[in-house]
Amino acid sequence: MNPPQPSRRDPLRRNNGAKKENRASPRFPSHFKTYCQLIPGEDELLWSVNVEEVSCQGLKIISHRRFEPGTVLRIGLIHDKAGLVMARAVHVSQTPEGDWSIGCIFPNKLKEDELRAWLEEEQ
């Protein structure tokens, strides 16, 4: 039996998907809404965020709420392919629209299938 072949719409094989940067892991653009929650969960609030970029090492979210660098977040997907991940805010800057751009790193790199699930969320 032959192993499955990547589909023509394989998000990890986009030639123009990653920004041209000298990073250890390429970033892939993404455009979908999800939610995040502070860890430890002092409150049970879920904050709506837009995911703009994803890599195996982290992601960039846009939020109406500012999260300070060092804040640990639980970020979830709507479907269960990727589930929840923990991420720590490392870069925080205000967007021209008044929202907050938050660069986050994962404590452990995403595996290829986990990264693929995050990229497939927008399809």
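Below are the figures for this structure:
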{"item": "Count of residues meeting criterion [out of contact with any Leu (no Cβ under 7 Å at 6 or more places or on another chain), part of a loop (DSSP other than H, G, I, E, B) and farther than 20 Å from L115 by Cβ] in the range 44-70", "result": "9"}
{"item": "Test for G41: is it small (G, A, S), modelled with pLDDT under 55, open to solvent by less than 60 Å² (accessible area, probe 1.4 Å) and not in a strand (DSSP E or B)", "result": "no"}
{"item": "Any pair with Cβ under 6 angstrom, 6 or more apart, that starts in the range 105-117 at a residue that is over 14 Å from S25 (Cα atoms) and ends at one that is open to solvent by 100 Å² or more (accessible area, probe 1.4 Å)", "result": "A117/K81"}
{"item": "Residue pairs meeting the criteria (Cβ under 6 Å; at least 6 apart or on separate chains; first over 13 Å from I105 (Cα atoms), in the range 46-68; second not in a strand (DSSP E or B))", "result": "W47/R65; I62/D99; H64/D99"}
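The values are calculated or read from the model by the stated rules, or taken from the named source; none is laboratory data. Values in this document were obtained by computation on a predicted structure and should not be read as measured data. Cβ atoms come from the backbone with ideal geometry, glycine included; neighbour counts cover every protein chain shown. We work out accessible area using only protein heavy atoms, side chains counted, and drop any ligands, DNA or RNA first. Shrake-Rupley method; radii C 1.70, N 1.55, O 1.52, S 1.80 Å.
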